[in-house]
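Here's the structure, in structure tokens; my notes come after.
Derivation of every value follows stated rules applied to the coordinates shown; laboratory data play no part. From a predicted model like this one, the values you see are computed outputs, not experimental measurements. Quick reminder, even Gly has a Cβ in these numbers, built from the backbone with ideal geometry, and neighbours come from all protein chains shown.
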Amino acid sequence: MTSNDPQILERGLLGMSDEAWERLRQQDEVIAPLAAMATVTHGAADSAAEELGLSRRQVYTLIGRRRKGAGLLTDLAPGRSAGGRGGRRLPEPVEAVIREVIRKAYLTKQKPSLAVVHRQIVRECKTQGLTAPARNTVALRIEALHPVEVRRRREGSDAARSLQSAGGKVPETVAPLDQVQIDHTVIDLIVVDDRDRQPIGRPYLTVAIDNYSRCILGMVVTLEAPSAVSVGLCIAHMTCDKRPWLECLGVDAAWPMSGKPKALFLDNASEFKSEALRRGCEQHGIKLSYRPLGRPHYGGIVERIIGTVMQRVHELPGTTFSNPGQRGGYDADKRSALTLTELERWLALAVAGYHGSIHGSLNQTPAGRWDEGVREFGAQPVVAHPAAFLVDFLPVIRRRITRTGFVIDHVHYFANVLKPWIARRDREEKFIIRRDPRDISRVWVLEPEGTAYVEVPYRTVSHPAVTLWEHRQALARLRQQGHDQVNEEALFRMIDQMREITATAQRTTRRTRRDLQRRRHLQASGAVKNPTAPPDEMLPPTNDEAAARPFDEVEQW
């Protein structure tokens with residue numbers, strides 16, 4: 001055997017140092033999405049070059065290796081060409097037969113031997129009129145498979161668990177919903193308001209992805225900066241049936257991936273360490289795990305899908321691209337055309353398309369991988385009442401009960417269900433209260449026994465539903481005007497004045513348009529009652545009606 005023999009090369013690459021292997025892995029994370037594109041622009045290549053510390057020419061060389069290879073990490077290693085001396089010489093149809101037989105025959109509980117698998121490959125090649133590969137070539141393809149995946153497919157999940165988390169590597173997953181990664185990003189796109197279609201700025205995206213199947217399980221698009229509420233909304237979207245949401249958007253597409261995750265894998269941002277998230281996960285038996293500090297590749301799966309989404313967004317009118325160099329003279333404000341709802345609709349369709357496309361790391365579609373996992377491990381039940389589920393992830397407030405109920409940020413809340421608690425109240429006891437910042441007209445109070453939440457509305461039911469950011473703006477304005485003592489009536493008068501100014505302004509500023517659109521988008525999602533509706537329609541239920549309503553009667557967000 002010469003030094004250029006494929007078998008020697010393959011084994012030599014698999015036995016490379018940890019540093020060299022990690023360098024290849026980092027390159028593959030950046031190069032794989034580019035290699036999947038029909039055309040790689042100079043801007044995209046330059047961005048990858050900057051991230052990897054390479055030249056543009058070197059990036060294009062790596063893309064060529066990735067495209068000509070067999071989808072292995074070692075395809076990017078120097079000296080690995082697809083057809084030269086010492087490289088792979090098998091035609092792609094033969095490689096496809098090898099991959100298919102390995103997947104359908106070798107990776108099964110039947111655990112056939114290499115000889116049996118090779119005979120099947122030879123038979124299939126003869127049927128298709130192809131030249132059959134040698135047995136050692138098939139052995140090399142099998143050796144290149146991930147050991148955890150091989151163990152799980154051939155011996156079961158319990159046998160595979162012993163290989164997980166070894167050597168300080170990212171923990172592997174063996175079934176759908178074993179581990180879900182969540183992350184945020186600001187979208188590289190200027191959106192417009194839906195009244196005058198004037199630019200209002202860039203929205204935010206929160207996305208959840210299943211590590212096992214690479215399916216996107218949940219998505220939230222908002223004008224609010226990332227927060228604990230964004231995380232809670234994304235988890236709620238992940239766990240519930242998405243068909244009503246898709247119908248509301250007018251999207252005719254399938255998105256069946258849903259269920260309660262066993263574990264969330266998050267970075268160390270403050271919104272991922274909030275009491276709301278911790279308590280919600282504890283309530284529903286969801287384990288929280290965080291990336292080790294100084295090891296950013298632990299979050300590579302969700303960051304890679306976000307990068308792929310942003311590449312697609314750059315095709316839309318109004319894109320800001322990834323950096324000023326890519327944008328050049330393109331006027332994103334002038335070209336902006338999509339409203340927030342239209343962007344949501346586009347993203348939903350993009351997700352459906354992504355689920356049906358071949359994933360480079362899986363050699364199959366994410367949807368197919370999900371279906372395989374569901375058939376093998378069973379489907380997780382979806383959350384029947386998303387509203388009740390979301391309450392467990394809303395921000396936590398602690399307040400003592402008074403003779404008139406609860407006072408939160410100068411606003412009073414009361415319902416008849418509180419009367420027995422008031423009668424026997426302990427002046428030192430603080431209740432756990434959940435509040436949705438998108439609609440503070442009601443809060444949810446945990447019963448003293450800690451078994452269930454009850455809904456408690458404004459004490460003055462004629463006040464309009466408002467968002468927390470409107471409340472804070474009004475409070476700031478009152479203090480600017482010298483009001484040391486703020487009362488509830490003055491606070492809501494200021495909110496009414498601010499809304500009137502926004503609604504009647506002939507020429508609104510970008511910030512004003514954005515604030516108005518924030519309220520409209522929340523109203524459309526059901527989080528906020530219609531602020532322009534007739535007075536009777538604006539009234540929340542009476543205190544008698546609101547007392548301890550069951551969650552299946554509470555409107556959906």
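Things to note:
- With a Förster radius of 45 Å applied to the C-beta separation of residue 460 and residue 312, the computed FRET efficiency comes to 0.40.
- Fewest-first sequence of 111, 242, 262 by Cβ atoms within 10 Å of each Cβ: 111, 262, 242
- Residue order, fewest to most beta carbons within 10 Å, for 397, 31: 397, 31
- Using the Cβ-Cβ distance between residue 382 and residue 473 with R0 = 51 Å, the FRET efficiency computed as 1/(1 + (r/R0)^6) comes to roughly 0.85.
- Subset of 273/430; 104/262; 242/262; 260/419 violating a 25 Å alpha-carbon distance limit: 104/262; 260/419
- Estimated distance in nm for a label pair at residue 268 and residue 134, the labels positioned 7 Å out from Cα along Cα-to-Cβ: 5.1 nm
- Distance-filtered residues of region 175-215 - backbone nitrogen under 15 Å, label point 7 angstrom along residue 334 Cα→Cβ: 199
- Inter-label distance for residue 357 and residue 278, nm, one decimal - labels placed 7 Å from Cα along Cα-to-Cβ: 4.0 nm
- Fully extending the segment from residue 375 to residue 195, taken as 0.36 nm per residue of separation minus the present Cα-Cα distance, adds 60.1 nm.
- From least to most packed, judged by other beta carbons within 10 angstrom and beginning with the fewest, 486, 207, 40, 309 follow the order 486, 40, 309, 207.
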